[in-house]
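These notes are about the structure you will find just below.
The values are calculated or read from the model by the stated rules, or taken from the named source; none is laboratory data. Everything numeric in this text was worked out from a predicted model, so none of it was measured. No Cβ is skipped: glycine too gets one built from the backbone with ideal geometry, and neighbour counts run over all protein chains shown.
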Amino acid sequence: MTLKALGALIAATGVLVASLPAGAQGPIRIGASLSLTGTYAKLGNYMHEGYKLCAKELNARGGLLGRKVEFVVYDDQSMPATGVRLYEKLITEDKVEAVMGPYSSPITEAVVNVTEKYKKVAVSPLAATTSIFKRPPDKKRYYIFMIISPAEVYLEGLIDMAAKRGLKTVAILNEDTLFAKAAANGAAEIARKKGLQVVFQEGYPKGNQDFSAILTKIRAANPDVVAGSTYFDDAVAITRQMKELNLNPKMYGLTVGGDLPEFYTLLKQNAEYIYGATQWEKALPYPGNKEFNEAYTKEFGREPVYHSAAGYAGCQVYVEAVKRAGTLDADKVRDVLLKLEMKTAFGDYRVDQDGFQIAHKMVMTQWQDGKKVIVWPDELATGKPRYPMPAWNQR
Amino acid sequence: MNVVVTPTMVGQVVISGILAGALYAMVALGLALIFGVMRVINIAHGPLLMLGAYTTYFLYAGLGLNPYLSVPVSMAVLFVIGAVLQRTLVFRVVDAPELSSLLLTFGISIALVNLAQLAFTSDLRAVEYLTGSWGLGPFAFSKTRVLAFVFAAGVTTLAFLLLQRTRLGRAIRATSQSREVAMVCGVNVGRIHTITFGLASALAAAGGALIAVVVAVQPEMGQVWTFKSFLVIVLGGAGNYPGALLGGVLLGLVEQIASLFLTSQLSEVVAYVLLVVVLLVRPTGLLGGRQT
Amino acid sequence: MTLAPRAFLTGLAVLAAALALYPIVGTGYGVRAMLQLFMWIALAGSWNLISGLTGYVSFGHVAFFGAGAYAGAILIAKAGWPWLPAALAGGAAACVLALVIGYPCLRLKGPYFAIAMLGLNEVLRALTSYFEGLTGGGSGLSLPTLHATVPIYYAMALAAAGVTLLTYLIITSRFGLRLMTIREDEVAAEAMGIDTARHKLYAFLLSAAGPGVVGALAARDQGYIEPISVFPLATTITMIVMALFGGKGTVWGPVLGAIVLFVSQEIVWARFPYVHQLLFGAIIAAVVLLMPRGVLGLLQTKYRLPRTL
């Protein structure tokens, strides 16, 4: 009895959410689950704003295929299992006509099984792990598309600059999670290719606050370069503790964290000389980037970060593909997306046959006098890197 | 990975371990007090520490108050919050089976974290007050951690003086040894419970205030401290107050040395395996505590 | 069962038939939500077997769920096992784990047992992160794509029914009576000649099997697992609160608790994401303070309902 009531209740919820009839003249509803709460809440919300701005601008210009566009977004609490259930709900209960990807690699890895099952194109703006896209032939995925550069190349810029300066040794530390570990392994791989020796590599558990032991080991290895594959609070803690332990590499760079504005607000002059890897910067000369910055800041009262820009651009890429295909049909949109070459406020978009991003470029920034300066690659640089990093006690 | 451990490195992590240990001891002493006096395992201890850290942050960011001067203020604020929690909710599970207190304090814990997210957002904050270290030979003494050590040692000493030398302290210890006898001797047990919970929250707040200068302040920073405090009081003997000191320093050393010789991940394993072994071999803790 | 057992059994049979037919009419989400509900029934019921009956509070019961999830996922991904035997192996793995840790840890009393279980869960989480050759470490383990939600739905339903039936059989047996004697007074039970150590261990093993099986099933259904998502303390708490809400130590309590809490969570979380944890905290506090014996416990006292409900 109760179970039947449950069925009815679930159905009723579905009907309530699907408040608008999905007729031909109704809006095109695009479903997504995002990490609005939980561990990834901060970045998930930035991404959500990117989606919202994209839809707003699109509707102001007349919508898509003559219809308005509307996002149906649920909170997955930063948990893969919840994400899976939500995509199932979006597709089978809410009957959304299209979906966009969630935030983070682990959640994408889990929900892509659902979107593939229902043959929905899932442009996934913030899934950076190669293994989600590059799969053995019998496990191939067809409808997922990547927007950002893969985790493995996050620290390429740091290593490349180090190699050009003739530095010899690098130490790598990373949070032991899907994305951070992929970035660390990628950095080690690139370092070896460019002739640097990886003298130390170790992971630490998520939520770790004390890095004394790991940094003591790095100090003993005395590397020229320290590369951290971090999320954010760990980036702050590692930097502070490096100073405390007088660990003075010639170059020190981070993945996520080093590039965020808060990094400088929190660390002040101690953030100087530190390199940060980022997918996007507001200073980059991409088409529409300036306008995106202005519109975003006006709409949400804060400046965008790369997660906002990726969400925004991912939505634009999908919309462009639908326009060119003239339909929401997954197979036709897929064909367009596989061939599409596009420049957005976020940079270049082009994928290979696995939907794997091959055109977008990472950039490396460095904090100089409280400003983020793009120092790599040369063709996008807005300034010269300051080298080497002075000892902590000589600033 | 290819790093040869030298005696200097061992010395360095021993220093880090002892410095961290004092902080662990102070925070865990709060948990030990609540457990000793009320038989309540307080899972909300970590989130209370988080509130202490926020108090310090806002006093620093808003009024420019020196974070070390804010330690007593954070303690006072959290004493009141703790006392209110005790009077409104926790008093009802005193002496209840452990299941009730575990669940209730877990509920309080997630509610506090959620409230903090609503009130303060999930943005990271930091009290960028003091960085770097003092050098002594080949060893580095982190300034913030040395100060945290000094304050933690001071606060813990005061707490012990309070427990040992004052009338109130005797009443608390009496209540923890035998509630009935304490009652017969004219101790207002309800009041002692409220004061104990307030005091324990204040100790957590002191920990929060001191690590606000060391790590980033955010709503979820506290949980890991609940677990660390569990480890400390089990190692030292639940309900055994001096045991918390030993447990704290021991945990600090074990974590650091295991991270040095193995990896940070295995240091967690080592700490918990130690917990289980101690529980099995000496369920009353290394210094001996009281059986329930 | 004194209340019209025939009507009750008929009702159950109708319900079973309705549930068996549900995947034909239900949407993908409906089937998946029900599958999750079955999972929670099995988890809450299993926790009830050790903690509700013997009074030993397992505060790390998700360890068995995680162990089953990893055992099953490794067999599927690395050894190419079909999911059904892998799920059974997940249950077996959880039982082995329960045997290894139950033997020493069940000697601990009260809060010490609870803390030890909590600690063991953390150890397992850290170990799965560390042995990355086998488990994929912090990067997690991705299973081959397989769309088997409906068969897994039936398997999950069987697991939930199995745990509930097992609870009924235990509660109505002498074994169950002995367990409850241990709960009420372990010393007295010992004095009565009950081999308490052995009884507690049996109950512990039985309570680990269910989470092991559903852990492996959940891993297969989800297709991707990582240490932080299969060993969370919140999962343990949720199963406890479900059992407690319905009534611990009863047959139908965990079922009722799982249904009510799961449905309200699904609805709450969709509507109020930003206060979800706050509401859950309030529910926990309300259950602990206002109805520690649960809905069925209250009814049993008030209307003198049978103990075997």
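Has the range B:10-28 got at least one residue that is assigned to a helix (DSSP H, G or I), within 14 Å of chain C (Cβ to nearest Cβ) and in contact with a helix residue (DSSP H, G or I) (Cβ under 7 Å, 6 or more places away or on another chain)?
Yes: the range B:10-28 contains one or more residues that are assigned to a helix (DSSP H, G or I), within 14 Å of chain C (Cβ to nearest Cβ) and in contact with a helix residue (DSSP H, G or I) (Cβ under 7 Å, 6 or more places away or on another chain).
Counting only residues that are more than 16 Å from the chain's Cα centre (by Cα), among the hydrophobic types (A, V, I, L, M, F, W, C) and within 11 Å of chain A (Cβ to nearest Cβ), give me the helices (runs of 4 or more DSSP H) lying completely in the range C:1-105 with at least 2 of them.
In the range C:1-105, the matching helices (runs of 4 or more DSSP H) lie at C:5-25, C:28-47.
Restricting the search to the range A:186-243, which residues are closer than 18 Å to residue B:133 by Cα and of a type in the set (Phe, Trp, Tyr)?
Answer for the range A:186-243, where residues must be closer than 18 Å to residue B:133 by Cα and of a type in the set (Phe, Trp, Tyr): just A:211.
Results for (1) closer than 29 Å to residue B:59 by Cβ; (2) within 13 Å of chain A (Cβ to nearest Cβ); (3) in contact (Cβ under 8 Å) with a residue 60 or more places away in the chain, shown as yes or no for each residue.
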| site | (1), (2), (3) |
| --- | --- |
| B:214 | yes, yes, yes |
| B:220 | yes, yes, yes |
| B:234 | no, no, no |
| B:250 | no, no, yes |
| B:263 | no, yes, no |
| B:275 | no, no, no |
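Please determine, by comparing only the residues of the range A:346-395 that are in contact with a strand residue (DSSP E or B) (Cβ under 8 Å, 6 or more places away or on another chain) and polar (S, T, N, Q), which one is surrounded by the fewest Cβ atoms within 10 Å (Cβ to Cβ).
Applying the filter and picking the extreme gives A:382.
Considering only residues that are charged (D, E, K, R) and part of a helix (DSSP H, G or I), look in the range B:57-99 and name the one that is nearest to residue B:121 (Cα to Cα).
Out of the qualifying residues, it is B:87.
Please find, within the range A:92-127, the residue that is nearest to the other protein chains (Cβ to nearest Cβ) out of those that are surrounded by fewer than 24 Cβ atoms within 10 Å (Cβ to Cβ) and assigned to a loop (DSSP other than H, G, I, E, B).
If we take residues in the range A:92-127 being surrounded by fewer than 24 Cβ atoms within 10 Å (Cβ to Cβ) and assigned to a loop (DSSP other than H, G, I, E, B), then A:93 is nearest to the other protein chains (Cβ to nearest Cβ).
Residues that are buried (at least 22 other Cβ atoms within 10 Å of the Cβ) and either modelled with pLDDT of 90 or more or hydrophobic (A, V, I, L, M, F, W, C) (or both): which helices (runs of 4 or more DSSP H) entirely in the range B:176-292 hold 3 or more of them?
Once the helices (runs of 4 or more DSSP H) in the range B:176-292 are filtered for at least 3 residues that are buried (at least 22 other Cβ atoms within 10 Å of the Cβ) and either modelled with pLDDT of 90 or more or hydrophobic (A, V, I, L, M, F, W, C) (or both), what remains is B:189-211, B:223-236, B:241-261, B:264-281.
Sort through B:118, B:99 and tell me the only one that's over 30 Å from residue C:109 (Cβ atoms), within 14 Å of chain C (Cβ to nearest Cβ) and in contact with a Phe, Trp or Tyr (Cβ under 9 Å, 6 or more places away or on another chain).
Result of the check over B:118, B:99: B:118.
Just one of A:213, A:283, A:277, A:188 is more than 25 Å from residue C:226 (Cα to Cα) and surrounded by fewer than 24 Cβ atoms within 10 Å (Cβ to Cβ); which is it?
Sole residue among the options that is more than 25 Å from residue C:226 (Cα to Cα) and surrounded by fewer than 24 Cβ atoms within 10 Å (Cβ to Cβ): A:283.
Only residues that are surrounded by fewer than 24 Cβ atoms within 10 Å (Cβ to Cβ), touching a Gly at 6+ places or on another chain (Cβ under 8 Å) and part of a loop (DSSP other than H, G, I, E, B): list them for the range C:227-263, please.
C:252
Take the residues in the range A:134-152 that are surrounded by fewer than 24 Cβ atoms within 10 Å (Cβ to Cβ) and in a helix (DSSP H, G or I), then tell me which one is modelled with the lowest pLDDT.
So the residue we want is A:138.
Please list, ordered by first then second residue, the pairs with beta carbon atoms under 7 Å, 6 or more apart or interchain, first in the range A:188-209 and over 21 Å from residue C:126 (Cα atoms) and more than 7 Å from chain B (Cβ to nearest Cβ), second β-branched (Val, Ile, Thr) and outside any strand (DSSP E or B).
A:190/A:159; A:191/A:159; A:194/A:159; A:196/A:159
Pairs please, first residue from the range A:282-293 and of a type in the set (A, V, I, L, M), second anywhere and buried (at least 17 other Cβ atoms within 10 Å of the Cβ) and assigned to a helix (DSSP H, G or I), Cβ atoms under 7 Å, 6+ apart in sequence or on different chains.
Pairs that qualify, where the first residue is of a type in the set (A, V, I, L, M) and the partner is buried (at least 17 other Cβ atoms within 10 Å of the Cβ) and assigned to a helix (DSSP H, G or I), are A:284/A:380.
Only one residue in B:208, B:198, B:285 is farther than 30 Å from residue C:128 by Cβ, more than 14 Å from chain A (Cβ to nearest Cβ), touching a residue at least 40 places away in the same chain (Cβ under 8 Å) and not polar (S, T, N, Q). Which one?
Within the list B:208, B:198, B:285, the selection yields B:198.
Please determine whether any residue of the range A:228-235 is aliphatic (A, V, I, L, M), more than 26 Å from residue C:125 (Cα to Cα) and in contact with a Gly (Cβ under 9 Å, 6 or more places away or on another chain).
No, that holds for no residue.
Please find, within the range B:44-64, the residue that is nearest to residue B:147 (Cα to Cα) out of those that are among the aliphatic types (A, V, I, L, M) and at pLDDT 95 or above.
Among those that are among the aliphatic types (A, V, I, L, M) and at pLDDT 95 or above, it is B:53.
Going by the structure shown, is residue C:236 out of contact with any Lys or Arg (no Cβ under 6 Å at 6 or more places or on another chain) and closer than 28 Å to residue C:287 by Cβ?
The answer is yes for residue C:236.
Among the residues of the range B:71-82, is there at least one that is more than 16 Å from residue B:222 (Cα to Cα), away from chain C (no Cβ under 14 Å) and hydroxyl-bearing (Ser, Thr, Tyr)?
The answer is no; no qualifying residue exists.
If I ask for residues that are within 14 Å of the chain's Cα centre (by Cα), more than 11 Å from chain C (Cβ to nearest Cβ) and either within 22 Å of residue A:225 (Cα to Cα) or aliphatic (A, V, I, L, M) (or both), which ones from the range A:128-154 would you list?
Those that are within 14 Å of the chain's Cα centre (by Cα), more than 11 Å from chain C (Cβ to nearest Cβ) and either within 22 Å of residue A:225 (Cα to Cα) or aliphatic (A, V, I, L, M) (or both): A:128, A:146, A:147, A:148, A:150, A:152, A:153, A:154.
Do any residues in the range C:111-134 that are closer than 17 Å to residue B:31 by Cα have Cβ atoms under 6 Å from those of residues that are of a type in the set (Ser, Thr, Tyr) and crowded, with 21+ Cβ neighbours inside 10 Å, where the two are at least six apart or on different chains, and which pairs are they?
C:119/B:272
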